[in-house]
Amino acid sequence: MKHIDFYIKIIVIVPFIGYDSKWPDQSRHRLKKLIQNANDSIVISHSADVSSYKKRNYYMVDHAEYLIGVFDNQKKLRSGTAQTVNYALHQGKVITLIHPDTMEITAPAP
């Protein structure tokens, strides 16, 4: 997408090196290609702990001008995506949500 008429800066933020080690090969390959084609990539932490994911999520929100999330809006489930969406809304960020099953697009009120 960074080669289209309008410019989108793609920055990949990873919580720590190796967080994808248990992913299927196809998913790890997709991440590698994304990093290779991104404008930049940032590693949040040198330690492989659970708090690195939260730090990554908050970093993405704090440094984004606009957010697009793929989220099923299951507020009763604890997930990193739900945490990130809720943090973005509390920060007053503009966010567009895409439901993964229906592809319905919504823009929740902050």
Let me check against my output: what whole-number percent is the relative contact order of the chain, with C-alpha pairs under 8 Å and at least 6 apart? 21
What does the net charge come to around S27 if you take all other residues with beta carbon closer than 13 Å to its beta carbon, with K and R at +1 and D and E at -1? +3
Per residue, accessible area of the chain with a 1.4 Å probe, heavy atoms of protein chains only, in Å², comes to 74
FRET E, pair K9, K54, Förster distance 25 Å, beta-carbon r, rounded to 0.05: 0.60
Near M60, within a Cβ-to-Cβ distance under 15 Å, what is the net charge of the other residues, with Lys and Arg +1 and Asp and Glu -1? +2
Between D62 and D101, what is the label-point separation in nm under the 7 Å Cα-to-beta-carbon projection? 3.5
So for segment 10-110, considering every pair of alpha-carbon atoms, how many percent are separated by more than 21 Å? 41
So Q36 and L89, fully extended at 0.36 nm per residue minus their Cα-Cα distance, gain in nm 16.0 nm
Accessible carbon and sulfur surface of the chain relative to its total accessible area, %, 1.4 Å: 55
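The values are calculated or read from the model by the stated rules, or taken from the named source; none is laboratory data. Values in this document were obtained by computation on a predicted structure and should not be read as measured data. Please note: Cβ atoms are built from the backbone with ideal geometry, for glycine as well, and neighbour counts cover all protein chains shown. Heads up: the accessible areas ignore ligands, DNA and RNA and are worked out on the full protein's heavy atoms, side chains in. Shrake-Rupley method; radii C 1.70, N 1.55, O 1.52, S 1.80 Å.
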